[in-house]
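Report on the following structure.
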Amino acid sequence: MYTFSEIKGNEFIIKNLQNGVKNNKVNHSYIFDGQSGMGKTFLAKTFAKTLQCERGEVTPCNICVSCKSFDSLNHPDVIYIEPKKSVISVEQVRESIVKTMAVKPYKYNYKIIIVDNADTMTTAAQNAILKTIEEPPAYGVFLFVSTNINNFLPTILSRCVSFKLKPLSNSEVKQHLQNTTNISDNELLDFYVAYAEGNIGYAEKLIKEENFLNMRELIIDMILNLREKSVTGVFSQFKVIDEFKSNIEDVLDIMCLYFRDAILAKDIGTSHILQKDKERIISQYIEDLSLNTLFNRLEAVYEARESLRKNGNFQMTIEVMMLKLRRKD
């Protein structure tokens, strides 16, 4: 229903937003930045709903006409913008944002434009919206949602109030999952919490993906099999990862957590590993490997992730990573 009570963590941001409403000091432009699944859009929508609530309090009442129209996605003065073809172009900014904001609100005090994936705005698009941000109408509020705040021009950043959502603690994520799922297996719950790394949305996504646990088994088996492979054999293992190319971030997360546990097991013992169901396999894996080798293998996964984020060649990046995972240093 988009209320602040539904939001876990990030109390400082919520308090800041509510104080702005309470003291009638609402900025014209905000950026909500953080990883996918951390609740940025939910927070932006809750703030927008609060601003438009007819009771004018620091949290939406959920019973006025404005709140009800917001929940039904029919609010006349809250507009949603999403990228077209992976980017927000200058044409989209001019037609859907600048022109829309120039028209006064239909009924309420504010006209609010929520721009999802706003960091995909091209440079030209950001320049096109700059004047509107610099000289906004009194009723205008922009809520930009992003996963990479560094993609914004400095001139945009300087005119926005920016909030960086932080990961939750493992205990907070676990409590949330206990309250919202029917998972009774405590080890399985800890497994999802470990992978989530403080991101409730990501944990919920993994739970819904029926294929995730099977993917994890295949990726860990591949890591183990690399030890016995020739260079040609290593390249033949590329097909295992290629099968999950569309979920490559999940694949790399699986590998990172495996090597994280292997490093802990080698350094201080298996009592601190997160994947308890893999304790025996990890113990066998690290027997003849140095701590330095394990660190290098973890670094190889991070390097592959960075290369792919920079649009590096997928097959070459993965094959180089697998060769490094086979090597002893």
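With a requirement of 3 or more residues that are under 26 Å from Ala203 (Cα atoms), the helices (runs of 4 or more DSSP H) lying completely within segment 231-308 that satisfy it span 238-242, 248-268, 279-285. The criterion of being of a type in the set (Val, Ile, Thr), closer than 11 Å to Tyr30 by Cβ and surrounded by fewer than 19 Cβ atoms within 10 Å (Cβ to Cβ) holds for Val161. Inside segment 46-62, residues that are under 25 Å from the mean Cα position of the chain (by Cα) and buried (at least 24 other Cβ atoms within 10 Å of the Cβ) make up a count of 4.
With respect to being in contact with a strand residue (DSSP E or B) (Cβ under 9 Å, 6 or more places away or on another chain), assigned to a loop (DSSP other than H, G, I, E, B) and aromatic (Phe, Trp, Tyr), Tyr80 falls outside the description. If the condition is being more than 12 Å from Arg326 (Cβ to Cβ) and either surrounded by fewer than 15 Cβ atoms within 10 Å (Cβ to Cβ) or in contact with a strand residue (DSSP E or B) (Cβ under 9 Å, 6 or more places away or on another chain) (or both), then segment 211-225 contributes Asn211, Leu213, Asn214, Glu217, Asp221. Restricted to segment 127-148, and to residues there that are under 22 Å from Gly37 (Cα atoms) and at pLDDT 95 or above, the residue that is farthest from the chain's Cα centre (by Cα) is Phe142. Contact map, segment 38-58: residues that are farther than 17 Å from Leu168 by Cβ paired with residues that are surrounded by fewer than 22 Cβ atoms within 10 Å (Cβ to Cβ) and of a type in the set (Lys, Arg), Cβ distance under 8 Å, separation 6+ or inter-chain. Pairs shown: Val58/Lys22. Inspect all residues belonging to segment 213-225 and state whether any of them is in contact with a Ser or Thr (Cβ under 8 Å, 6 or more places away or on another chain), closer than 24 Å to Leu189 by Cα and assigned to a helix (DSSP H, G or I). Looking for residues that are in contact with a Ser or Thr (Cβ under 8 Å, 6 or more places away or on another chain), closer than 24 Å to Leu189 by Cα and assigned to a helix (DSSP H, G or I), one finds none in segment 213-225, hence no. Listed by position, the helices (runs of 4 or more DSSP H) inside segment 94-199 whose residues that are closer than 30 Å to His272 by Cβ and touching a residue at least 24 places away in the same chain (Cβ under 8 Å) number at least 1 are 170-180, 186-196.
Evaluated against (1) more than 30 Å from Lys328 (Cα to Cα); (2) touching a residue at least 60 places away in the same chain (Cβ under 8 Å), Asn211 falls short on exactly one condition, (2).
Results for (1) over 25 Å from the mean Cα position of the chain (by Cα); (2) part of a loop (DSSP other than H, G, I, E, B); (3) at pLDDT 95 or above, shown as yes or no for each residue.
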position	(1), (2), (3)
Met1	no, yes, no
Lys15	no, no, yes
Asn19	yes, no, yes
Ile31	no, no, yes
Ser36	no, yes, no
Cys67	yes, no, yes
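Would you point out the residue of segment 226-252, among those that are in contact with a Lys or Arg (Cβ under 9 Å, 6 or more places away or on another chain) and closer than 15 Å to Met215 by Cβ, that is surrounded by the most Cβ atoms within 10 Å (Cβ to Cβ)? Ranking the qualifying residues of segment 226-252, first place goes to Val251.
For segment 74-91, does any single residue satisfy the condition of being out of contact with any Ser or Thr (no Cβ under 9 Å at 6 or more places or on another chain) and in contact (Cβ under 8 Å) with a residue 40 or more places away in the chain? No, every residue in segment 74-91 fails to be out of contact with any Ser or Thr (no Cβ under 9 Å at 6 or more places or on another chain) and in contact (Cβ under 8 Å) with a residue 40 or more places away in the chain. Of all the residues in segment 109-121, those that are farther than 18 Å from Phe152 by Cα and modelled with pLDDT of 95 or more number 3. Among the residues of segment 270-329, write down those that are surrounded by 14 or more Cβ atoms within 10 Å (Cβ to Cβ) and of a type in the set (Gly, Ala, Ser). Passing the criteria: Ser283, Ala300, Ala304, Ser307, Gly312. Take the conditions modelled with pLDDT of 95 or more and out of contact with any strand residue (DSSP E or B) (no Cβ under 6 Å at 6 or more places or on another chain) and apply them to Ala124. Does it pass? So Ala124 fits the description; yes. Kindly provide the set of residues from segment 78-120 that are surrounded by fewer than 19 Cβ atoms within 10 Å (Cβ to Cβ), over 16 Å from Leu143 (Cα atoms) and either under 24 Å from the mean Cα position of the chain (by Cα) or of a type in the set (Phe, Trp, Tyr) (or both), ordered by number. Those that are surrounded by fewer than 19 Cβ atoms within 10 Å (Cβ to Cβ), over 16 Å from Leu143 (Cα atoms) and either under 24 Å from the mean Cα position of the chain (by Cα) or of a type in the set (Phe, Trp, Tyr) (or both): Lys84, Lys85, Ser86, Val87, Ser89, Tyr106.
The values are calculated or read from the model by the stated rules, or taken from the named source; none is laboratory data. Nothing here was measured: the structure is a model prediction, and the numbers come from that model. With ideal geometry, Cβ positions are generated from the backbone for all residues, glycine too; neighbour counts draw on all protein chains shown.
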